[in-house]
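Q: Pasting a structure here, questions to come.
The values are calculated or read from the model by the stated rules, or taken from the named source; none is laboratory data. A quick note: this is a predicted structure, and the numbers were derived from the prediction, not measured. Virtual Cβ from ideal backbone geometry, glycine too; neighbours counted across all protein chains shown. Note: accessible area is taken over every heavy atom of the protein model, side chains too, but ligands, DNA and RNA are not part of it. Shrake-Rupley method; radii C 1.70, N 1.55, O 1.52, S 1.80 Å.
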Amino acid sequence: MADEVRDAAHAAFAAGVPAVVVAITAHRGSVPRETGTRMLVMADAVLGTIGGGHLELQAVQQARALLAQWAEISVRAEPVEDLAGLHPVDQHVALGPSLGQCCGGALDLRYTLLALDDPATWSLPEPCFYLQLYGAGHVGRAIVRVLEAVPCRVAWIDERESEFPPGELPPHIRRVCVEPVEAEVAEAAPGSAFLVLTHSHDLDLRITQAILARGDFGFFGLIGSATKRAKFERRLAERGVAPEALARMLCPIGLPGLRGKEPGVIAVAAVAQLLQAHPG
């Protein structure tokens, strides 16, 4: 979502579309969103969220009121540099006392005219995780659909170009078509997450061996049954993989207790497990 807001703000900034950026500049206690979150408010649209509820309703109303005020001034301000007198507006919000929300924390909001807040200067929150996702089959596609709304960075890897679905992906997910697939493991940064669910057990085994050989991964999940795990453990042990490395392999994948083998169910369970391992 942060990428989507930033991309839309880039386009609106370049086109001179009137808009207000609502940013959380500080937070304390229990809050719906954290420092660095941004929302773009236009006269007829809102992109992004600072947490929903009464907080967001009031923030949108405040942004549009400021947008109307600034519009009256900006018609007399040319070039854009003359808008410098239109200073950002800061607001402190105590969620419980002032809004009656269950969250007991507090937020500082800043409202800034987009023309004075170039999106190219924005810093984005760190991703929850960096993931190499191997396999563009049914489960891989379902996982990508779940990850579209998760703040992460994903390399979606398959040797078969034809298996990737048509159309654009969000900026934080990129397709990688490469051969041999297992060579891509070396490209991941230390601490990265790996999910392996290709069309071939032999390919899964080669990728698994490459991941376990690194030893510096933050998360590794392999799709399959307990039987598949046992077979892989035996074959990898024969190839010299240490027992402590094998113990870090999560197979089957997904949070325990979630039933169902449909791709969508597996995807939700796997991403939930991944988020649990990488709470951000």
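Q: Which one of Phe232, Phe219 is touching a His at 6+ places or on another chain (Cβ under 7 Å) and touching a residue at least 24 places away in the same chain (Cβ under 8 Å)? It would help to see each step written out before you state the result.
A: Values: Phe232 fails: touching a His at 6+ places or on another chain (Cβ under 7 Å).
One residue alone meets the criteria, Phe219.
Q: If you scan segment 105-119, which residues turn out to be open to solvent by 60 Å² or more (accessible area, probe 1.4 Å) and of a type in the set (A, V, I, L, M)?
A: Filtering segment 105-119 for residues open to solvent by 60 Å² or more (accessible area, probe 1.4 Å) gives 110, 116.
Passing the criteria: only Leu116.
Q: Can you name every residue in segment 18-58 that is assigned to a loop (DSSP other than H, G, I, E, B), open to solvent by less than 60 Å² (accessible area, probe 1.4 Å) and among the aliphatic types (A, V, I, L, M)? Talk me through it step by step, then tell me what you get.
A: So the first thing to find is which residues in segment 18-58 are assigned to a loop (DSSP other than H, G, I, E, B), and the list is 18-19, 29-37, 42-45, 48-52.
With the extra rule that they be open to solvent by less than 60 Å² (accessible area, probe 1.4 Å), the set shrinks to 19, 31-32, 36-37, 42, 45, 48-52.
Within segment 18-58, Ala19, Val31, Met42, Ala45, Ile50 meet the criteria.
Q: Filter segment 131-186 for residues that are within 16 Å of the chain's Cα centre (by Cα) and of a type in the set (Val, Ile, Thr); which is most open to solvent (accessible area, probe 1.4 Å)?
A: Among those residues, the one meeting the criterion is Val146.
Q: Starting from residues that are in contact with a strand residue (DSSP E or B) (Cβ under 8 Å, 6 or more places away or on another chain) and assigned to a helix (DSSP H, G or I), keep the ones in segment 229-253 and report whichever is nearest to Gln273 (Cα to Cα).
A: Ranking the qualifying residues of segment 229-253, first place goes to Arg229.
Q: Would it be correct to say that Gln276 is of a type in the set (S, T, N, Q) and either farther than 20 Å from Gly191 by Cα or more than 24 Å from the chain's Cα centre (by Cα) (or both)? Reasoning before the result, please.
A: On the way: of a type in the set (S, T, N, Q): yes; either farther than 20 Å from Gly191 by Cα or more than 24 Å from the chain's Cα centre (by Cα) (or both): no.
When the stated conditions are applied, Gln276 does not pass them.
Q: To continue, here is another question. Just to be sure I understand the filter: pairs with C-beta atoms under 8 Å, separated by 6 or more residues or on different chains, first member in segment 117-136 and in a loop (DSSP other than H, G, I, E, B), second member open to solvent by less than 30 Å² (accessible area, probe 1.4 Å) and among the β-branched types (Val, Ile, Thr). Which pairs pass?
A: These pairs meet every condition: Asp117/Val21; Pro125/Thr37; Cys128/Val150; Gly135/Ile157; Gly135/Val196; Gly135/Thr198.
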